[in-house]
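Working notes for the structure below.
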Amino acid sequence: MLKYLKNMALAAGIIMACYNANATHIQGMNITYKHVGGDTFEVHLDFFRYCGGTAFNNGNCTNAAGIGTTAYYYARCEDNGFQTNNRPALADTIKEATPICDSLNSTQNSCVVGSCGLLGIQWGVYTDTIVMDSNLFGNIECDNWIFVYASGGRNTGVNYVSQPSIVAYAQLDIEEAQNNTSVQFNSNKPIPFFCDGQDVTYNWSAYDPNGDSLYWELDTAWSQYTSGNFSSVTYAGSYSGVQPMPGTTTIDNATGQLNFTATIPTGLNFANYAIAVTVREYDIETGEFRGSVHRDIQFIVLDSCDNNPPEDSGGIQNFVGSGAQLDSTTIVVCTGQDFEFDL
């Protein structure tokens, strides 16, 4: 049954074995899971890396570590501290995810042309299938699980000190939700760029396949997870997990939308901030906790734009799915309907 753990002789304090353990190129990570059927879950690890380029080094060409073909995570029983060995997740897809103009990506993106290109971002998706049955869990009771994905180190950032490691995690309450699928993130450009001085409303492009009630919070950016305990990055100055950028950063607990003014501190020509968020799932009828996902990514603020939208943008285009498009800026859909469009 799902709620039992095999008696494993493991040190409870094992930390995730990282690939590229000393590389300072990480721009974000998260780990999610999908219920496939029966006792089987598919675990997905998302890894975002800086390809190098000129933006972060005062116009000088900069190399960055490559992306691996394997990532590692483990499942830990939060009830008693037993955990699996590090499990390999193999690269499912590795794709370019730079949020610059499409017309520039093929000729100026550092992921494509190398270290003298514009700032480039690459996205690795790693997948593992874990069967959470009696062969894995055995005879020790366990209701609450945490899947931990960790690596090091981060790019240098404005709101934290040095280049610490990064930890992402997902939780699953098996007793309450044996068939649960975690919150899924659906953005095709997960590391956002903003203009200095821009007033921003940012949405995580997330959804819950089970229709659970979600609760969002800004959270601490973690650098280590050992024996069930998290260690925080060292925040610089007055920054913190709940105030990760200059000025006021607010989050809508129901939708996850962030509101802030993108700002480059005096003396810098760009800024990148570690932004961590945790979204928790609750059964919509009983209110029981079902699981959570902790995501940690960088927001990047640049000064090379004028904050004016294109005059000839055309608005919403190529709308497909359930619902209706009313005009170039308005669509109408109902809860639970799927849709997408270009803007």
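Using a Gaussian network for the chain with springs between C-alpha atoms less than 10 Å apart, which of these wobbles most: A324, A97, A89?
Answer for the Gaussian network model of the chain: A324.
When ligands, DNA and RNA are left out and all protein chains stay put, how many square angstrom of accessible area per residue does segment 122-234 have with a 1.4 Å probe? Please list the in-between numbers first.
Numbers: 4170 Å² over 113 residues.
Accessible area per residue, segment 122-234: 37 Å².
Mind ranking S110, S238, S205, S223 by accessible surface for me, highest first, 1.4 Å probe? Could the numbers behind the result be given before it?
On the way: S110 5, S238 110, S205 50, S223 25 Å².
Highest to lowest solvent-accessible surface, that is S238, S205, S223, S110.
What is the sum of charges around A55, taking Lys and Arg as +1, Asp and Glu as -1, for the other residues whose C-beta is under 14 Å from the C-beta of A55?
Working: positive: none; negative: D196, D303.
With Lys, Arg at +1 and Asp, Glu at -1, the net is -2.
In square angstrom, rounded to the nearest 10, how much accessible surface does V43 have for a 1.4 Å probe?
0
Only Cα pairs within less than 10 Å get springs; with that Gaussian network setup on the chain, which residue of S322, S292, S115 has the largest fluctuation?
Result: S322 has the largest fluctuation of those listed.
Sequence-distant or interchain residues sharing an amide H contact under 5 Å with Q257, placed H: which?
When sequence neighbours closer than 5 places are left aside, the close amide H contacts are D252.
Contact order normalised by length for segment 120-247, with contacts defined as Cα pairs under 8 Å and 6 or more residues apart; what percent is it? Intermediate values should be presented prior to the final figure.
Details: 136 pairs, mean separation 30.7, N = 128.
Computed value for segment 120-247: 24 percent relative contact order.
Two decimals is fine: what's Rg over Rh for segment 195-343, C-alpha atoms, Kirkwood radius as Rh?
Working: Rg = 18.4 Å, Rh = 18.1 Å.
We get a ratio of 1.02 for segment 195-343.
Over segment 143-198, what is the mean sequence separation of C-alpha contacts under 8 Å (at least six apart), divided by residue count, expressed as relative contact order in percent? Working shown, then result.
On the way: 50 pairs, mean separation 18.8, N = 56.
Relative contact order comes out at 34 percent.
Tell me whether segment 99-223 comes out rounded, prolate or oblate; compute the Cα gyration tensor, take square roots of the eigenvalues as a ≥ b ≥ c, and use a/c under 1.5 as the rounded threshold.
Details: a/c = 2.05, a/b = 1.90, b/c = 1.08.
Verdict is prolate for segment 99-223.
By how many nm would the segment from S187 to N135 lengthen if fully extended, with 0.36 nm per residue of separation less the alpha-carbon distance?
Numbers: separation 52, 0.36 × 52 = 18.72 nm, distance 3.60 nm.
Computed gain between S187 and N135 is 15.1 nm.
Using a 1.4 Å probe and ignoring any ligands, DNA or RNA, find the accessible area of K95 and quote it in Å² to the nearest 10.
The value for K95 is about 90 Å².
Taking only the alpha carbons of segment 24-174, what extent do you get along each of the three principal axes, in Å, biggest first?
For segment 24-174, the Cα spread along each principal axis is 59, 33, 20 Å.
On the protein heavy atoms, probe 1.4 angstrom, tell me the percent of accessible surface of segment 22-178 carried by carbon and sulfur. List each step's numbers first, then the result.
Working: 2530 of 5750 Å².
The nonpolar share, carbon plus sulfur, comes to 44 percent.
Where is the GNM fluctuation largest for the chain (alpha-carbon springs, 10 angstrom cutoff): Q317, Q83, Q224?
Q317
Can you list residues whose amide H is under 5 Å from Y33's amide H, if they're 5+ apart or on another chain and H is modeled 1.01 Å from N?
H44, S182
Just how much of D79 is accessible, in Å², when a 1.4 Å probe is used and the result is rounded to the nearest 10?
The accessible area of D79 comes to roughly 80 Å².
Using θ = phi - 60° and the Karplus form 6.51 cos²θ - 1.76 cosθ + 1.60, what ³J(HN,Hα) does each residue of segment 320-333 get, whole Hz, x for Gly and Pro?
9, x, 6, x, 8, 9, 8, 7, 6, 10, 9, 10, 10, 9
Quick one: Karplus J couplings for segment 49-61, per residue in order, coefficients 6.51, -1.76, 1.60, θ = phi - 60°, nearest Hz, x for Gly and Pro?
Working through the residues one at a time gives 10, 7, 7, x, x, 9, 5, 8, 9, 6, x, 7, 5 Hz.
Rounded to the nearest percent, how much of the accessible area of segment 222-320 (1.4 Å probe, protein heavy atoms only) is carbon and sulfur?
Values: 2230 of 4790 Å².
The value for segment 222-320 is 47 percent carbon and sulfur by accessible area.
Do the sum for the chain: with -39,500 (n - 2.57) for every DSSP H run of n ≥ 4, divided by all residues, what is the mean residue ellipticity at 222 nm, to the nearest 500 deg cm²/dmol? All intermediate terms of the calculation are to be shown ahead of the outcome.
Numbers: 3 runs with 15 residues, N = 343.
That calculation yields -1000 deg cm²/dmol at 222 nm.
At 1.4 Å probe size, put W222, W145 in order of accessible surface, largest to smallest. Walk me through the numbers on the way to the answer.
Numbers: W222 45, W145 0 Å².
My answer, sorted largest first, is W222, W145.
Could you tell me the distance between the Cα centroids of segment 60-88 and segment 217-244, to the nearest Å?
18
Can you give the % of DSSP beta bridges in the chain that are antiparallel, to the nearest 5? Let's see the in-between values first.
On the way: 92 of 97 bridges.
Antiparallel: roughly 95 percent of the beta bridges in the chain.
If you rank F41, F270 by how much accessible surface each has, with a 1.4 Å probe, what is the order from largest down?
Working: F41 0, F270 40 Å².
Result of the area sort, largest leading: F270, F41.
Amide H of D92 versus every other amide H placed in the peptide plane: which residues, excluding those fewer than 5 positions away on the same chain, fall under 5 Å?
Those qualifying (amide H under 5 Å, at least 5 residues apart or on another chain) are V125, Y126, T127.
The values are calculated or read from the model by the stated rules, or taken from the named source; none is laboratory data. As the structure is a prediction and not an experimental result, all values here were calculated from the model. Note that we place each Cβ from the backbone using ideal geometry, even for glycine, and neighbour counts take in every protein chain shown. Calculation scope for accessible area: heavy atoms of the full protein, side chains included, ligands and nucleic acids excluded. Shrake-Rupley method; radii C 1.70, N 1.55, O 1.52, S 1.80 Å.
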